[in-house]
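Read-outs: derived from the displayed coordinates by stated rules, not from any lab. Keep in mind that what you see is a predicted model, and the values were worked out from it rather than measured. Here the Cβ is made from the backbone with ideal geometry for all residues, glycine too, and neighbour counts use every protein chain on show.
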Amino acid sequence: MITIDDLLNNVGKYNMKDTDMIKKAYDYAYLNHFNQTRESGEAYITHPLNVAYILSLLHADSDTICAALLHDILEDCNVTKLELECIFNHDIASLVDGVTKISKLNFSTKQDCNYANTRKIITSIKEDVRIVIIKLADRLHNMRTLEYKSVFKQKENALETLEIFVPLSYYIGAYQIKNELEDLSLKYLKPDSYKEIEEKRNIIISDSNISLSLMKLNIEDILNRNKIENEIMFRIKNIYGIYKRLEEGQKLEDIHDLLALKVIVNELKDCYYSLGLVHSLYHPLNNKFKDFICNPKTNMYKSLHTTVFGNDDSLVQIQIRTFEMDKIDSLGITAYFDINKGDTRSIMQNNLKDKCQFLDSLKDIDSMFNDNMEFVSQVKNELFADKIYVFTYKGDVIELPKGATLIDLAYKIHTDIGNNMLYGIVNDEIKNATYVLNNEDRVKIVTDVTSYPKLEWLDYVKTATAKKKIKEYGKKINI
Ligand code: MN
């Protein structure tokens with residue numbers, strides 16, 4: 001069981017000066033939740049304490065830790081935001097307010113209330129991503145302790161986790177949290193599938209242990225002889241990841257990254273040098289190589305992926321990256337709690353703006369839909385559903401929802417490109433504006449200043465951005 005001393009010790013390792021304020025937040029939460037209990041029978045304070053502890057493992061700043069301790073106070077106790085601001089500070093009060101649900105009293109149905117709250121969580125990412133991070137830690141602890149809830153509540157929470165919180169954790173690159181949330185959700189939604197995959201996975205892991213350990217030794221040896229400092233680990237795919245592949249029709253034995261080797265080195269140039277050395281030991285499968293270092297994923301993930309012919313007739317994926325990349329690969333935007341000291345909020349917001357494409361789309365959806373239900377459904381269809389990634393002719397990677405057309409792409413690049421589009425060139429072939437894009441298409445949009453958007457395009461676009469711009473153009477010329 002986690003205690004306040006565990007939390008203070010943990011925070012003390014990276015932030016000595018604010019432990020007094022954290023103790024004060026704990027005492028305040030303790031008093032206000034006094035006499036409240038969780039379904040497990042434990043004192044309620046164990047929940048905010050655990051949420052704060054999860055965040056302290058990410059080296060969260062003290063405002064975030066305090067807000068985590070206080071996160072259920074506005075909702076469950078007779079405390080106001082103003083009081084929090086007076087007792088603590090403006091940022092803590094805003095963070096707590098951000099994670100607090102809007103009161104049921106404002107809505108006629110429970111569903112309206114749910115949609116409004118989902119919207120509140122999703123849009124908070126535009127202002128302060130720390131609100132989403134606290135929400136994710138909150139959800140993680142709730143999912144870890146879901147066994148005490150009714151079966152109905154378990155399924156309801158697990159589904160909401162998969163639909164809302166998993167995509168959010170993906171977008172901010174927090175794979176560690178995402179993987180655990182996915183597995184916990186599956187465990188409650190499909191307990192039989194979960195158990196079956198877990199057992200089969202364990203068998204595969206133990207069967208391939210010897211040959212993979214041998215590969216690890218061989219790679220370590222060649223890297224050491226070439227004076228490349230390295231650390232090599234096994235990387236096991238989470239159960240939900242395997243479940244999804246099986247759902248798509250793949251066979252278990254065809255999932256080559258079920259068990260992968262992760263090679264971590266100091267510097268960028270060592271990644272490519274190591275890749276050459278690995279390929280000199282094990283033949284690569286030529287069409288399986290991916291350079292996510294030069295083409296990072298749109299959630300900041302960077303790594304080299306190669307699949308090689310392993311020792312015992314099996315194919316093995318090998319991932320190569322630096323220690324710094326590895327940190328961002330597993331923690332995403334939350335890695336910046338530790339990488340940069342200082343104004344965490346603006347550092348995180350700037351990184352999100354620069355590196356993640358979904359913020360602009362989210363802003364457009366937010367401005368287009370007043371109705372909360374329509375907002376949530378557009379986010380689910382456009383941002384949280386399956387995605388494709390296309391390349392411009394310059395080599396930039398652009399993220400779009402599956403089913404998106406050239407029109408969506410044109411407007412995503414720039415309003416004028418959309419408004420003046422004639423047609424597209426996809427993998428060197430001319431295609432109409434309404435062409436539906438595929439993953440990894442290489443695309444160029446051909447424009448002409450005399451060309452203008454057609455109203456019927458509205459039937460072919462998938463993104464809110466394209467819809468919005470076409471309508472705006474229509475309004476401008478009065479059609
Ligand atoms: Mn909570």
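Listing S280, S303 from the residue with the fewest other Cβ atoms within 10 Å to the one with the most, what is the order? Don't skip to the answer; put the middle values down first.
Values: S280 9, S303 21.
Arranged by neighbour count, lowest to highest, S280, S303 become S280, S303.
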Applying the gyration tensor rule to the Cα atoms of the stretch 390-439 (axes a ≥ b ≥ c; rounded if a/c under 1.5, else prolate if a/b exceeds b/c, else oblate), the class is rounded
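So what is the diffusion coefficient of the stretch 1-80 in µm² per second by Stokes-Einstein at 20 °C and 1.002 mPa s, using a Kirkwood Rh over Cα pairs? If you can, show how the numbers build up before the last one.
On the way: Rh = 12.5 Å.
Rounded, D is 171 µm²/s.
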Radius of gyration and maximum dimension Dmax of the stretch 186-315, Cα, Å
16.0, 49
Rounded to whole Hz and in sequence order, give me ³J(HN,Hα) for the stretch 44-49 from the Karplus expression 6.51 cos²θ - 1.76 cosθ + 1.60, θ = phi - 60°, writing x for Gly and Pro.
4, 4, 4, 5, x, 4
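With a cap of 14 neighbouring Cβ atoms within 10 Å, and only residues DSSP puts in a loop, list the chymotrypsin sites (Phe, Trp or Tyr not before Pro) found in the stretch 258-303. Kindly include the intermediate steps, with their values, before the conclusion.
Working: sites: Y272, Y273, Y282, F289, F292, Y301; in loops: Y282, F289, F292, Y301.
Passing sites in the stretch 258-303 are F289.
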Counting Lys and Arg as +1 and Asp and Glu as -1, what is the net charge of the other residues whose Cβ lies under 13 Å from the Cβ of L252?
-3
Could you tell me the extents of the chain's C-alpha atoms along the three principal axes, largest first, rounded to whole Å?
70, 68, 45
Relative contact order (%) - criterion: Cα under 8 Å, at least six apart; region: the stretch 153-280
23
Between the stretch 101-155 and the stretch 303-380, the Cα center-to-center distance that results, in Å:
21
At a Förster radius of 60 Å, what calculated FRET efficiency corresponds to the Cβ-Cβ distance of K269 and D97, to the nearest 0.05?
0.80
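Do any of K302/K327; K110/K155; K269/K353; K394/K444; K126/K467; K190/K244 go past 19 Å between their Cα atoms, and which? Can you show the working numbers first?
Values: K302/K327 10 Å; K110/K155 17 Å; K269/K353 27 Å; K394/K444 9 Å; K126/K467 21 Å; K190/K244 12 Å.
Where the Cα-Cα span goes over 19 Å, the pairs concerned are K269/K353; K126/K467.
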Each label point is 7 Å from the Cα along the Cα-to-Cβ direction; what then is the distance between the points at Y389 and S40, in nm?
3.7
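Which trypsin sites (Lys or Arg not before Pro) in the stretch 72-128 pass both tests, a DSSP loop state and at most 15 other beta-carbon atoms within 10 Å?
K101
Between E180 and V446, how high is the FRET efficiency from 1/(1 + (r/R0)^6) when r is the Cβ-Cβ distance and R₀ = 51 Å? Nearest 0.05. Write out the running numbers ahead of the final one.
Details: r = 46 Å, r/R0 = 0.90.
Calculated transfer efficiency: 0.65.
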If you average the alpha carbon positions of the stretch 441-479 and of the stretch 20-41, how far apart do those two centres end up, in angstrom?
54
The stretch 274-348: trypsin sites (Lys or Arg not before Pro) in DSSP loop, at most 14 other beta carbons within 10 Å:
K341
What's the magnitude of the charge dipole for the stretch 328-479 around its Cα centre, counting Lys and Arg as +1 and Asp and Glu as -1 at the beta-carbon? Answer in Debye, nearest 20.
300
Assign unit charges at the C-beta atoms only (+1 for Lys and Arg, -1 for Asp and Glu), then state the dipole size of the chain relative to its Cα centre in Debye, rounded to the nearest 20.
800
In square nanometres, what is the average projected area of the Cα convex hull of the stretch 138-203?
4.6
Can you work out the base-10 log of I(q)/I(0) for the stretch 37-168 at q = 0.16 1/Å, using the Debye formula on its C-alpha atoms alone?
-0.87
Give me the one-decimal nm value for the distance between modelled label points at E456 and M233, 7 Å along each residue's Cα-to-Cβ direction.
5.5
List the lysines whose Cα lies under 16 Å from the Cα of K13, skipping any in the same chain that are fewer than 8 positions away.
K23, K341
Set Lys and Arg Cβ to +1 and Asp and Glu Cβ to -1, take the dipole of the chain about its Cα centre, and tell me which of V436, I22, G241 lies farthest positive.
V436
Beta bridge orientation in the stretch 189-330: antiparallel %, DSSP, nearest 5
75
Ranking of T64, T392, T450 by count of other Cβ atoms within 10 Å, fewest first
T450, T392, T64
Debye sum, Cα scatterers, the stretch 109-223, no solvent: what log₁₀ I/I(0) at q = 0.11, 0.19 1/Å?
-0.51, -1.01
